[in-house]
Amino acid sequence: MRHKLTLSYAFNMSLGFTPAIIAIVLCGILPYSLAIYIGTGFGILYAIYINQLHVNRAPNLILYVSTATLAVFALLSFIPGNHISNESFPITLETSLLILLLLLYMQRKKIADYCRSRQERLLCQSVESSVVAIQVIMVLGVMHLIVIVIALLFGENPMRPNAFYAIFFVMPWVVFAACIIFNQIGIHFFNKQVRKAIILPVVNRRGDVIGRSLASEALKYKNKHINPVVRVAIVTNGMLFLCRRAQTRILDRGKIDVPLERYLRFGESLEECACDLIQSTFPNAKEHLKPTFSVAYHFENDITNRLTYLFILDVKDDIILCDPRFESGKLWTLGQVETNLEKDFFGSCLEEEFEHLRVVIDTKEKYKVS
(Lines give C-alpha, C1' and ligand atoms only; values in the text may rest on other atoms or scores of the structure.)
Protein backbone atom coordinates (compact mmCIF):
# COMPACT_ATOMS: atom_id res chain seq x y z
CA MET A 1 0.00 0.00 0.00
CA ARG A 2 1.25 3.49 -0.80
CA HIS A 3 0.87 5.83 2.10
CA LYS A 4 0.17 9.48 1.48
CA LEU A 5 1.38 12.45 3.40
CA THR A 6 -2.05 13.49 4.70
CA LEU A 7 -2.85 16.04 7.38
CA SER A 8 -4.82 14.63 10.30
CA TYR A 9 -8.05 16.37 11.29
CA ALA A 10 -6.52 16.53 14.77
CA PHE A 11 -4.59 19.50 13.37
CA ASN A 12 -7.78 21.51 12.98
CA MET A 13 -6.74 23.77 15.85
CA SER A 14 -9.95 25.78 15.59
CA LEU A 15 -11.61 22.86 17.40
CA GLY A 16 -10.13 24.59 20.43
CA PHE A 17 -13.05 27.03 20.20
CA THR A 18 -15.47 24.23 21.16
CA PRO A 19 -15.50 25.11 24.90
CA ALA A 20 -16.32 28.72 24.01
CA ILE A 21 -19.16 27.61 21.72
CA ILE A 22 -20.56 25.35 24.45
CA ALA A 23 -20.42 28.14 27.04
CA ILE A 24 -22.13 30.66 24.72
CA VAL A 25 -24.92 28.27 23.66
CA LEU A 26 -25.57 27.18 27.26
CA CYS A 27 -25.64 30.82 28.28
CA GLY A 28 -28.96 31.08 26.45
CA ILE A 29 -30.65 28.46 28.62
CA LEU A 30 -28.62 28.38 31.84
CA PRO A 31 -27.34 31.00 34.28
CA TYR A 32 -24.18 32.78 33.09
CA SER A 33 -21.91 31.32 35.77
CA LEU A 34 -23.08 27.71 35.28
CA ALA A 35 -22.57 27.95 31.51
CA ILE A 36 -18.99 29.14 32.05
CA TYR A 37 -18.25 26.35 34.53
CA ILE A 38 -19.47 23.71 32.06
CA GLY A 39 -17.49 25.26 29.20
CA THR A 40 -14.34 25.44 31.33
CA GLY A 41 -14.77 21.86 32.52
CA PHE A 42 -15.21 20.64 28.95
CA GLY A 43 -12.07 22.52 27.89
CA ILE A 44 -10.03 20.92 30.68
CA LEU A 45 -11.27 17.42 29.82
CA TYR A 46 -10.62 18.04 26.10
CA ALA A 47 -7.06 19.16 26.88
CA ILE A 48 -6.46 16.05 29.00
CA TYR A 49 -7.79 13.87 26.18
CA ILE A 50 -5.45 15.48 23.63
CA ASN A 51 -2.35 15.33 25.80
CA GLN A 52 -2.85 11.95 27.45
CA LEU A 53 -5.20 9.76 25.42
CA HIS A 54 -5.12 10.90 21.78
CA VAL A 55 -2.69 9.10 19.46
CA ASN A 56 -1.35 12.26 17.78
CA ARG A 57 -1.00 14.25 21.01
CA ALA A 58 -0.73 17.47 19.00
CA PRO A 59 -1.00 20.32 21.54
CA ASN A 60 -3.88 22.66 20.72
CA LEU A 61 -2.78 26.20 21.61
CA ILE A 62 -6.18 27.67 20.79
CA LEU A 63 -7.86 25.21 23.16
CA TYR A 64 -5.51 26.25 25.95
CA VAL A 65 -6.24 29.95 25.33
CA SER A 66 -10.00 29.36 25.18
CA THR A 67 -10.06 27.26 28.34
CA ALA A 68 -7.84 29.70 30.23
CA THR A 69 -10.07 32.61 29.18
CA LEU A 70 -13.19 30.78 30.35
CA ALA A 71 -11.44 29.97 33.64
CA VAL A 72 -10.78 33.69 34.15
CA PHE A 73 -14.47 34.44 33.51
CA ALA A 74 -15.35 31.67 35.98
CA LEU A 75 -13.18 33.34 38.64
CA LEU A 76 -14.70 36.74 37.87
CA SER A 77 -18.17 35.30 38.48
CA PHE A 78 -17.28 35.01 42.19
CA ILE A 79 -16.53 38.73 42.47
CA PRO A 80 -19.47 40.75 43.83
CA GLY A 81 -20.73 43.42 41.46
CA ASN A 82 -19.64 41.56 38.34
CA HIS A 83 -21.34 43.38 35.44
CA ILE A 84 -21.04 40.60 32.84
CA SER A 85 -24.51 39.21 32.09
CA ASN A 86 -25.92 36.42 29.95
CA GLU A 87 -26.58 38.96 27.17
CA SER A 88 -23.11 40.55 27.16
CA PHE A 89 -21.06 37.39 27.76
CA PRO A 90 -20.93 36.07 24.14
CA ILE A 91 -19.56 39.26 22.56
CA THR A 92 -17.25 39.81 25.55
CA LEU A 93 -15.83 36.31 25.21
CA GLU A 94 -15.37 36.68 21.45
CA THR A 95 -13.58 40.00 21.85
CA SER A 96 -11.33 38.65 24.61
CA LEU A 97 -10.33 35.59 22.60
CA LEU A 98 -9.66 37.63 19.46
CA ILE A 99 -7.37 40.01 21.37
CA LEU A 100 -5.44 37.18 23.03
CA LEU A 101 -5.07 35.28 19.75
CA LEU A 102 -3.94 38.43 17.98
CA LEU A 103 -1.19 38.84 20.58
CA LEU A 104 -0.26 35.20 20.09
CA TYR A 105 -0.20 35.69 16.31
CA MET A 106 2.13 38.67 16.64
CA GLN A 107 4.63 36.44 18.46
CA ARG A 108 4.34 33.57 15.95
CA LYS A 109 7.95 33.84 14.72
CA LYS A 110 9.41 33.59 18.21
CA ILE A 111 7.13 30.69 19.05
CA ALA A 112 8.03 28.90 15.81
CA ASP A 113 11.76 29.38 16.45
CA TYR A 114 11.37 27.96 19.94
CA CYS A 115 9.52 24.91 18.60
CA ARG A 116 12.17 24.30 15.96
CA SER A 117 14.88 24.51 18.62
CA ARG A 118 13.06 21.79 20.55
CA GLN A 119 13.00 19.65 17.38
CA GLU A 120 9.52 18.35 18.20
CA ARG A 121 7.66 17.68 14.96
CA LEU A 122 4.14 17.58 16.46
CA LEU A 123 4.69 20.83 18.33
CA CYS A 124 5.92 22.58 15.16
CA GLN A 125 2.94 21.30 13.16
CA SER A 126 0.61 22.37 15.94
CA VAL A 127 1.97 25.92 15.91
CA GLU A 128 1.73 26.12 12.11
CA SER A 129 -1.87 24.87 12.19
CA SER A 130 -2.73 27.30 15.00
CA VAL A 131 -1.41 30.21 12.96
CA VAL A 132 -3.69 29.20 10.06
CA ALA A 133 -6.70 28.91 12.38
CA ILE A 134 -5.94 32.31 13.94
CA GLN A 135 -5.79 33.90 10.50
CA VAL A 136 -9.22 32.47 9.67
CA ILE A 137 -10.81 33.59 12.95
CA MET A 138 -9.34 37.09 12.51
CA VAL A 139 -10.98 37.42 9.11
CA LEU A 140 -14.31 36.22 10.50
CA GLY A 141 -13.93 38.49 13.52
CA VAL A 142 -13.33 41.53 11.31
CA MET A 143 -16.42 40.64 9.28
CA HIS A 144 -18.43 40.44 12.50
CA LEU A 145 -17.06 43.83 13.55
CA ILE A 146 -18.12 45.33 10.23
CA VAL A 147 -21.64 43.96 10.75
CA ILE A 148 -21.75 45.55 14.24
CA VAL A 149 -20.53 48.93 12.94
CA ILE A 150 -23.08 48.94 10.11
CA ALA A 151 -25.88 47.99 12.50
CA LEU A 152 -24.94 50.75 14.94
CA LEU A 153 -24.48 53.44 12.29
CA PHE A 154 -27.33 52.68 9.92
CA GLY A 155 -29.71 50.52 11.94
CA GLU A 156 -32.57 51.61 14.13
CA ASN A 157 -31.67 53.21 17.44
CA PRO A 158 -32.40 51.58 19.81
CA MET A 159 -31.72 48.29 18.02
CA ARG A 160 -34.56 45.83 17.75
CA PRO A 161 -34.36 42.91 20.21
CA ASN A 162 -34.15 40.32 17.43
CA ALA A 163 -31.32 42.16 15.66
CA PHE A 164 -29.48 42.67 18.95
CA TYR A 165 -29.82 38.97 19.80
CA ALA A 166 -28.59 37.89 16.38
CA ILE A 167 -25.56 40.21 16.29
CA PHE A 168 -24.39 40.05 19.90
CA PHE A 169 -25.48 36.57 20.98
CA VAL A 170 -25.81 34.31 17.93
CA MET A 171 -22.99 35.62 15.74
CA PRO A 172 -20.14 35.11 18.29
CA TRP A 173 -20.63 31.35 18.43
CA VAL A 174 -21.39 31.27 14.68
CA VAL A 175 -17.99 32.92 14.08
CA PHE A 176 -16.24 30.21 16.11
CA ALA A 177 -18.26 27.42 14.44
CA ALA A 178 -17.57 28.84 10.97
CA CYS A 179 -13.84 28.88 11.74
CA ILE A 180 -13.99 25.17 12.63
CA ILE A 181 -15.90 24.37 9.43
CA PHE A 182 -13.60 26.41 7.15
CA ASN A 183 -10.49 24.81 8.65
CA GLN A 184 -12.04 21.36 8.28
CA ILE A 185 -12.82 22.06 4.63
CA GLY A 186 -9.29 23.37 4.12
CA ILE A 187 -7.75 20.20 5.56
CA HIS A 188 -10.06 18.07 3.40
CA PHE A 189 -9.00 19.79 0.17
CA PHE A 190 -5.34 19.77 1.23
CA ASN A 191 -5.49 16.01 1.75
CA LYS A 192 -7.34 15.60 -1.54
CA GLN A 193 -4.53 17.37 -3.38
CA VAL A 194 -1.82 15.45 -1.50
CA ARG A 195 -3.41 12.10 -2.40
CA LYS A 196 -2.79 12.96 -6.04
CA ALA A 197 0.85 13.75 -5.37
CA ILE A 198 3.71 11.27 -5.17
CA ILE A 199 5.45 11.10 -1.81
CA LEU A 200 9.08 9.98 -1.61
CA PRO A 201 10.94 8.75 1.46
CA VAL A 202 14.06 10.60 2.57
CA VAL A 203 16.71 8.13 3.76
CA ASN A 204 20.24 8.04 5.11
CA ARG A 205 23.07 6.08 3.50
CA ARG A 206 22.02 2.92 5.36
CA GLY A 207 18.54 3.12 3.88
CA ASP A 208 16.78 4.12 7.11
CA VAL A 209 13.79 6.36 6.45
CA ILE A 210 14.33 9.70 8.20
CA GLY A 211 11.64 11.77 6.52
CA ARG A 212 9.46 12.19 3.45
CA SER A 213 8.88 14.78 0.76
CA LEU A 214 6.92 15.45 -2.40
CA ALA A 215 8.40 14.00 -5.58
CA SER A 216 8.37 17.47 -7.11
CA GLU A 217 10.89 18.54 -4.47
CA ALA A 218 13.46 16.06 -5.82
CA LEU A 219 14.20 18.61 -8.55
CA LYS A 220 14.07 21.55 -6.17
CA TYR A 221 16.49 20.15 -3.59
CA LYS A 222 18.64 18.18 -6.06
CA ASN A 223 21.36 16.53 -3.97
CA LYS A 224 20.42 17.89 -0.52
CA HIS A 225 18.24 14.88 0.33
CA ILE A 226 18.92 11.20 -0.29
CA ASN A 227 16.00 9.55 -2.08
CA PRO A 228 15.89 5.81 -2.88
CA VAL A 229 15.74 4.81 -6.55
CA VAL A 230 14.94 1.35 -7.93
CA ARG A 231 16.58 0.29 -11.20
CA VAL A 232 15.97 -2.91 -13.14
CA ALA A 233 18.64 -4.24 -15.51
CA ILE A 234 17.26 -6.58 -18.16
CA VAL A 235 19.54 -9.52 -19.05
CA THR A 236 18.96 -12.09 -21.80
CA ASN A 237 21.39 -14.72 -23.05
CA GLY A 238 24.29 -13.06 -21.28
CA MET A 239 23.62 -9.65 -22.83
CA LEU A 240 22.32 -6.37 -21.39
CA PHE A 241 19.28 -4.69 -22.86
CA LEU A 242 19.91 -0.93 -22.84
CA CYS A 243 17.93 2.10 -24.04
CA ARG A 244 18.41 5.82 -24.48
CA ARG A 245 17.23 7.81 -21.47
CA ALA A 246 14.36 10.22 -22.04
CA GLN A 247 15.03 13.95 -22.23
CA THR A 248 12.67 14.45 -19.30
CA ARG A 249 15.03 12.67 -16.88
CA ILE A 250 16.84 14.81 -14.33
CA LEU A 251 20.02 12.76 -14.72
CA ASP A 252 21.97 11.70 -17.86
CA ARG A 253 19.39 12.81 -20.42
CA GLY A 254 19.79 11.06 -23.75
CA LYS A 255 22.47 8.64 -22.55
CA ILE A 256 22.32 4.85 -22.84
CA ASP A 257 21.18 3.12 -19.66
CA VAL A 258 18.98 0.38 -18.21
CA PRO A 259 15.36 0.81 -19.37
CA LEU A 260 13.52 0.62 -16.02
CA GLU A 261 14.03 3.12 -13.23
CA ARG A 262 11.94 5.20 -10.84
CA TYR A 263 11.92 6.63 -7.34
CA LEU A 264 10.73 4.41 -4.51
CA ARG A 265 7.50 5.81 -3.11
CA PHE A 266 6.80 6.33 0.56
CA GLY A 267 5.40 3.17 2.18
CA GLU A 268 6.31 1.02 -0.82
CA SER A 269 8.68 -1.94 -0.56
CA LEU A 270 11.60 -2.43 -2.94
CA GLU A 271 9.98 -5.56 -4.37
CA GLU A 272 6.68 -3.74 -4.93
CA CYS A 273 8.46 -0.96 -6.79
CA ALA A 274 10.45 -3.34 -8.99
CA CYS A 275 7.38 -5.44 -9.78
CA ASP A 276 5.33 -2.34 -10.55
CA LEU A 277 7.99 -1.20 -13.01
CA ILE A 278 7.89 -4.56 -14.76
CA GLN A 279 4.10 -4.89 -14.72
CA SER A 280 3.59 -1.44 -16.22
CA THR A 281 6.22 -2.15 -18.89
CA PHE A 282 5.26 -5.74 -19.75
CA PRO A 283 1.56 -6.05 -18.82
CA ASN A 284 1.03 -9.20 -20.89
CA ALA A 285 4.03 -11.11 -19.55
CA LYS A 286 4.17 -9.97 -15.94
CA GLU A 287 3.47 -13.45 -14.50
CA HIS A 288 6.66 -14.87 -15.99
CA LEU A 289 8.98 -12.00 -15.06
CA LYS A 290 10.44 -12.08 -11.57
CA PRO A 291 13.17 -9.53 -10.73
CA THR A 292 15.97 -10.42 -8.33
CA PHE A 293 17.57 -7.90 -6.00
CA SER A 294 21.27 -7.59 -6.72
CA VAL A 295 23.01 -4.68 -5.01
CA ALA A 296 22.49 -1.33 -3.26
CA TYR A 297 24.86 1.62 -3.45
CA HIS A 298 24.94 5.35 -2.80
CA PHE A 299 25.27 7.67 -5.78
CA GLU A 300 25.73 11.43 -5.55
CA ASN A 301 26.75 14.22 -7.92
CA ASP A 302 25.80 17.86 -8.50
CA ILE A 303 22.38 16.91 -9.85
CA THR A 304 21.09 14.12 -7.63
CA ASN A 305 21.66 12.28 -4.37
CA ARG A 306 20.20 8.80 -4.34
CA LEU A 307 20.44 5.41 -2.72
CA THR A 308 20.15 3.04 -5.68
CA TYR A 309 18.71 -0.45 -5.45
CA LEU A 310 19.58 -2.55 -8.51
CA PHE A 311 17.41 -5.49 -9.55
CA ILE A 312 18.20 -7.92 -12.36
CA LEU A 313 15.48 -9.32 -14.59
CA ASP A 314 16.35 -12.46 -16.59
CA VAL A 315 14.37 -12.63 -19.81
CA LYS A 316 14.45 -15.94 -21.65
CA ASP A 317 12.49 -14.84 -24.70
CA ASP A 318 13.71 -11.48 -25.98
CA ILE A 319 10.65 -11.12 -28.23
CA ILE A 320 8.95 -9.09 -25.47
CA LEU A 321 11.65 -6.46 -25.90
CA CYS A 322 10.39 -5.70 -29.41
CA ASP A 323 8.14 -2.95 -28.18
CA PRO A 324 7.65 0.58 -29.62
CA ARG A 325 8.52 2.09 -26.25
CA PHE A 326 11.97 0.53 -26.63
CA GLU A 327 12.58 2.10 -30.02
CA SER A 328 16.13 3.08 -29.04
CA GLY A 329 16.80 -0.18 -27.20
CA LYS A 330 19.11 -2.98 -28.21
CA LEU A 331 21.04 -5.87 -26.72
CA TRP A 332 24.66 -5.19 -25.77
CA THR A 333 27.34 -7.76 -25.11
CA LEU A 334 29.47 -7.17 -22.04
CA GLY A 335 32.46 -6.55 -24.30
CA GLN A 336 30.62 -3.82 -26.23
CA VAL A 337 29.65 -2.09 -23.02
CA GLU A 338 33.14 -2.31 -21.60
CA THR A 339 34.62 -0.80 -24.79
CA ASN A 340 32.41 2.29 -24.47
CA LEU A 341 32.85 2.92 -20.75
CA GLU A 342 34.16 6.29 -19.57
CA LYS A 343 33.37 7.91 -22.93
CA ASP A 344 30.37 9.92 -21.68
CA PHE A 345 28.16 7.51 -23.61
CA PHE A 346 26.46 5.53 -20.84
CA GLY A 347 24.52 6.79 -17.85
CA SER A 348 26.52 7.49 -14.70
CA CYS A 349 24.71 4.81 -12.69
CA LEU A 350 25.27 2.16 -15.35
CA GLU A 351 29.00 2.84 -15.30
CA GLU A 352 28.87 2.50 -11.52
CA GLU A 353 27.00 -0.81 -11.78
CA PHE A 354 28.74 -2.43 -14.75
CA GLU A 355 31.51 -4.27 -12.88
CA HIS A 356 28.96 -5.84 -10.57
CA LEU A 357 26.66 -6.70 -13.49
CA ARG A 358 29.50 -8.32 -15.39
CA VAL A 359 30.38 -10.57 -12.45
CA VAL A 360 26.75 -11.59 -11.95
CA ILE A 361 26.09 -12.25 -15.65
CA ASP A 362 29.37 -14.16 -16.16
CA THR A 363 28.64 -16.30 -13.12
CA LYS A 364 25.12 -17.11 -14.29
CA GLU A 365 26.33 -17.96 -17.79
CA LYS A 366 29.07 -20.16 -16.41
CA TYR A 367 26.75 -22.26 -14.28
CA LYS A 368 23.71 -22.10 -16.55
CA VAL A 369 22.17 -25.50 -17.09
CA SER A 370 21.94 -26.29 -20.77
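A few notes on this one:
- When the alpha carbon gyration tensor of segment 48-173 is reduced to an equivalent ellipsoid, the three semi-axes, largest first, read 33, 19, 12 Å.
- For L122, the accessible area of its heavy atoms, probed at 1.4 Å with every protein chain present, is near 50 square angstrom.
- Dipole magnitude for segment 285-352: about 260 debye, using +1 per Lys or Arg Cβ and -1 per Asp or Glu Cβ, origin at the Cα centre.
- Compactness of segment 279-370, taken as the C-alpha radius of gyration over 2.2 N^0.38 Å, stands at 1.22.
- Across every direction, the projection of the convex hull enclosing the Cα atoms of segment 167-269 has a mean area of 10.7 nm².
- Segment 95-216, relative contact order [Cα under 8 Å, separation at least 6], %: 18 percent
- Rounded to whole Å, sorted largest first: equivalent-ellipsoid semi-axes of segment 70-141, Cα gyration tensor: 31, 15, 9
- Residue order by solvent-accessible surface for E272, E342, E351 is E342, E272, E351, largest first, with ligands and nucleic acids left out and a 1.4 Å probe.
- Using a simple spin-label model with pseudo-atoms 7 Å out from Cα toward Cβ, T292 and M106 lie 7.0 nm apart.
- Charge-dipole axis of segment 196-339 as Lys and Arg at +1 and Asp and Glu at -1 on Cβ define it, positive-most pick from P291, I256, I226: I226
- Of all beta bridges that DSSP places with both ends in the chain, some 70 percent have antiparallel geometry.
- Straight Cα distances below 19 angstrom link K364 to the aspartates and glutamates D314, D317, D318, E338, E353, E355, with same-chain residues fewer than 8 positions distant left out.
- At q = 0.11, 0.23 Å⁻¹, base-10 log of I(q)/I(0) for segment 218-335 (Debye sum, equal scatterers on each alpha carbon): -0.37, -1.49
- Relative contact order, whole percent, for the chain stands at 16, derived from Cα pairs under 8 Å and 6 or more residues apart.
- Å² of accessible area per residue within the chain, as computed with a 1.4 Å probe and no ligands counted: 55 Å²
- By the rule of a C-alpha distance below 20 Å, with chain neighbours fewer than 8 residues away ignored, the aspartates and glutamates paired with K110 are E120, E128.
- Projected area averaged over orientations for segment 116-227, convex hull of C-alpha atoms, nm²: 10.9 nm²
- Once all protein chains are placed together, T67 keeps about 20 Å² accessible to a 1.4 angstrom probe.
- Computed FRET value (nearest 0.05) for V359 with K196, which takes r as the C-beta separation and R₀ as 41 Å: 0.45
- Simple point charges give the picture: +1 on the Cβ of Lys and Arg, -1 on the Cβ of Asp and Glu, and for the chain a dipole about the Cα centre of about 260 debye.
- Dipole axis of the chain (+1 Lys, Arg; -1 Asp, Glu on Cβ), positive-most option in L200, V147, S66: V147
- Listed residues V131, V174 arranged by accessible area, highest first, probe 1.4 Å: V174, V131
- Residue-level accessible surface for E87, protein heavy atoms, 1.4 Å, Å²: 110 Å²
- Heavy-atom accessible area order for I38, I250, largest first, 1.4 Å probe: I38, I250
- Segment 107-264, accessible surface, carbon-and-sulfur percent (1.4 angstrom probe): 61 percent
- Alpha-carbon Rg/Rh ratio, for the chain, with Rh computed the Kirkwood way: 1.22
The values are calculated or read from the model by the stated rules, or taken from the named source; none is laboratory data. Nothing here was measured: the structure is a model prediction, and the numbers come from that model. Every residue, glycine among them, receives a Cβ derived from its backbone with ideal geometry; neighbour counts consider all protein chains shown. Please note that ligands, DNA and RNA were not included when accessible areas were found on the heavy atoms of the full protein model with its side chains. Shrake-Rupley method; radii C 1.70, N 1.55, O 1.52, S 1.80 Å.
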